[in-house]
Each structure stands twice: as structure tokens, then as C-alpha cells.
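Reading through the C-alpha cells given below for one structure.
The values are calculated or read from the model by the stated rules, or taken from the named source; none is laboratory data. Quantities reported herein were computed from a predicted structural model and do not represent experimental measurements. Note that each Cβ is placed from the backbone with ideal geometry, even for glycine, and that neighbours are counted across all protein chains shown. All accessible areas refer to the heavy atoms of the entire protein, side chains included, with ligands and DNA or RNA removed. Shrake-Rupley method; radii C 1.70, N 1.55, O 1.52, S 1.80 Å.
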Amino acid sequence: MDSRIKIVADKAIPFLEGVFEPYAEVVYMKGADITAEDVKDADALIVRTRTICNEALLAGSSVKVIASATIGTDHIDFAACDKLGIMVSNAPGCNAGGVMEYVYSALYGTASRKNIDLQGKTIGVIGVGNTGGRIARMGVYLGFNVLRYDPPRAAEEGNFEFCSLDYLLRNSDVVTMHVPLNEETKNMANADFFKMMKKDAFFINCCRGEVVVEQDLKNARSKLGGLILDVWQNEPHVDPELVEMADIATPHIAGYSYQGKQNGTAAVVRAVARYFGISQLTDFFPVTEMPENEAVKVMLKGLNQGEITSILQYNYPVFTDDFRFRMEPDKFEELRNNYQYRREIYFN
């Protein structure tokens, strides 16, 4: 192993400090501040969504591999990386459990505050990958009717489990977004989208802010029974009017579970270790001696809505995150970077 290998890493990635130091020089920086000058002599980048990995950043550098501790990859220009011969990896599914917990804690918490009965309701899941799949399975477990929209999966697997977007929007009492951001999904939740939704339906977005046309969402707000938003256009800057309109507003922390962060960091460490042949780290996983952070099994089958709400809120009191964000929405990044990771729930 060549000790001269240099890694530039986002300092907000947890459990990373000290891992590579026996094998490489590691420079930790604020992700949004990483510049072409910083990566010019780097061999690897370990990033989150705040580092835009494009030709402007990478051209002329010695970067050979980029590892992102995220599900999404819209911050990475794959064409530029391919042109420059840079390998890219991410962490698909790393925070699916945390997002699932967020969605249901927020849904049940908001329904409780508004005295809305969720029994017999239909949840429409838009994007049924790792995260959307977890949302759908939890919905079935809790007794919801579940509709699924995912054109790539439908094309590959057939339409048996999937429906059209029109059908989902017209028949769902809860619409929740879990799509990657790309040319097909950007601005997909627009005026026509909201017009098709049922009156008094919930709208939940915790994938990417850019999948929603925020002005169209604001125009449709009076039609919606509930609005839960964890992601925003122009992050870290948010529209204060839209924050005020939301029942729950949070600073892109839906996936910020302890287990999700362990998974994300494990994925980037293993990817870089494999590339450079650091055999000691190819099976790395950040283990801590903190049992209070271990995932907790919940038994929700057969419970009434109030009991389910209480258990979900006990394990993740989502309104605390909502309150902190509303108090200081201009501290979006600070709230994210200093977030106290919560433990996940799971069920059989």
C-alpha cells in the first residue's frame, strides 16, 4: 500500500476520521468548500451531496475514484467522470430504513394532530427502489392499500405490481416521493400532478426538492390534507412561505439514522479500499459500543392508530426536528451537520 495516496473527504461524514490514516494522507473539508485546487493532487474523493463533482472540479486532477456516502448521485456528472477515467460509487439503500421511519412517524403524527383516520387508506409510492420498497412493505404491514409507480421496474418486471401515475394520484390518500433526480423526474410534481391528486390527500417529499415545482405546490396547498417536506429546491436556502405551509418541515434529515450513517460510511470506505487494494478495510463497518443506538424492533400489528402513533413518536419524535428547523430555517446546513442521529425501527 502506497502511503502517498491522498484522500479528500467531507468532514461531515461520520465514523470516517482515523479509518484511512494508517494507509493514506486524508484531508477533511466542508463538502461545499472543496475546490479544484483542493483535489488537484488527490487520488480519491469521499463526498456527500454538497460536493458537485463535475469537470470544473475534476479536470486536471489526479482523482481516480469518487465515493459518495449517499443514495442519490445527482451531484455527480457521470459523463465527465467517464471522460476523465474516474470510477464512481455510491451507497444505494444506505438510509432506506431511516426514511421509512421518518415517513410513518410524520404521517401518523400529522394525522393525529389533525384527527384524520388512516384506517383503510391508500398509500401511493412513487419510486419503488430500496427506499420506496421499504415504504411499501411497511404500508402493507400496517394495513394500508399500497399503489406503486416505477416505470423502470415495471418495464423490467411487468405491470403486475405497478400502476400508472394517473391512477396512483387519483386513488391515493397519501402520495410519497422516492425517485432519483434525473431528467424524467425533475419537476414531475407540477400543477397537473397536484390537480390529479385526491382532495385532502397527503403529499410527502423526502427524495429531492427539484422533483417538485414549489410554486405549483403552494398553489395546490389548500387542496391537500397534509404536507410533509424534508427536501427543498435551492438547498440550503428554503422558501419560508412553503415552510410555513407545511405540516412538518425538516432540513433534509429523513435518512439521518444511526444505522443509515453506518451503512453509508461503510460503503464509501469499502469502495475506496477495494480500488486501492487496502485489504484491511474491504469489509469495514463502523461498530460502536453504544447499545442505545441499536435498531429497535417494533410490533405494530393489531394495534390501533393511537397506539401506533405513540410507538412511532416515542422512537422518533419528528416534531422536535420540525420545531428546530422552524425556529432557525436559515441554519439549514448547521442543523444537518450537527444532527443527533436517531436509531432505526424495524419489523418482521
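With a ≥ b ≥ c taken as the square roots of the eigenvalues of the C-alpha gyration tensor of segment 223-348, please select rounded if a/c is under 1.5 and otherwise prolate if a/b is larger than b/c or oblate if it is not? Note, shape of segment 223-348 comes out oblate.
Along segment 225-232 the Karplus relation, 6.51 cos²θ - 1.76 cosθ + 1.60 evaluated at θ = phi - 60°, assigns HN-Hα couplings of x, x, 9, 10, 10, 10, 10, 9 Hz to successive residues, with x for each Gly and Pro. Spatially close Lys pairs in segment 1-152, defined by Cα atoms under 14 Å apart and a spacing of eight or more places or different chains, total 5.
When all protein chains stay in place and ligands, DNA and RNA are ignored, the 1.4 Å accessible-area order of MET245, MET138, largest first, is MET245, MET138.
Counting only DSSP beta bridges whose two residues both lie in segment 3-48, roughly 0 percent are antiparallel.
Charge dipole (Cα centre; +1 on Lys/Arg Cβ, -1 on Asp/Glu Cβ; no other charges) of the chain amounts to roughly 820 debye.
At 1.4 Å probe size, with every protein chain present, just tell me what the per residue accessible area of segment 178-271 comes to in Å². Result: 36 Å² of accessible area for each residue. Considering only alpha-carbon pairs that sit under 8 angstrom and 6 or more positions apart, the relative contact order computed for segment 196-348 is 25 percent.
Element breakdown for segment 157-243 at a 1.4 angstrom probe: carbon and sulfur atoms account for 48% of the accessible area. When the charge dipole of the chain is built from unit charges on Cβ atoms (+1 for Lys and Arg, -1 for Asp and Glu) and taken about the Cα centre, the candidate among LEU300, ALA32, TYR346 whose Cα reaches farthest toward its positive end is LEU300. For segment 3-154, averaging the sequence separation of C-alpha pairs within contact (under 8 Å, six or more residues apart) and dividing by the residue count gives a relative contact order of 15 percent. In the calculated pair-distance distribution of segment 169-217, the portion above 16 angstrom amounts to 34 percent of the Cα-Cα pairs. Close amide H pairs (under 5 Å, H built 1.01 Å from N) link SER68 with VAL47, SER89, ASN90, residues at least 5 positions away or on another chain. Using C-alpha pairs under 8 Å with a sequence gap of at least 6, the mean separation divided by the residue count of the chain gives a relative contact order of 17 percent. Accessible surface area normalised per residue over segment 67-136 is 35 Å², counting heavy atoms of protein chains with a 1.4 Å rolling probe.
Dipole of segment 187-268 computed with +1 at Lys/Arg Cβ and -1 at Asp/Glu Cβ about the Cα centre; of ASN190, ALA201, MET245, farthest Cα towards the positive end is ALA201.
Summary of the geometry: segment 249-306 and segment 51-79, compared by the centres of their Cα atoms, lie 23 Å apart.
Give the shape of the chain as rounded, prolate or oblate, defined through the alpha-carbon gyration tensor: a ≥ b ≥ c are the square roots of its eigenvalues, a/c under 1.5 means rounded, and otherwise the shape is prolate if a/b is larger than b/c and oblate if not. Verdict is prolate for the chain. For segment 31-125, with all protein chains in place and a probe radius of 1.4 Å, 47% of the accessible heavy-atom surface sits on carbon or sulfur. Taking a ≥ b ≥ c as the square roots of the eigenvalues of the Cα gyration tensor, segment 1-136 is prolate, since a/c reaches 1.5 or more and a/b is larger than b/c. Given a 1.4 angstrom probe, I'd like the percentage of the accessible area of segment 247-348 that is carbon and sulfur, rounded to a whole number. C and S atoms contribute 51 percent here. Cross-chain or 8 or more residues apart, Cα under 23 Å: how many lysine pairs in segment 155-307 fit that? Count them up, please. Close lysine pairs found across segment 155-307: 11. For VAL8, the accessible area of its heavy atoms, probed at 1.4 Å with every protein chain present, is near 0 square angstrom.
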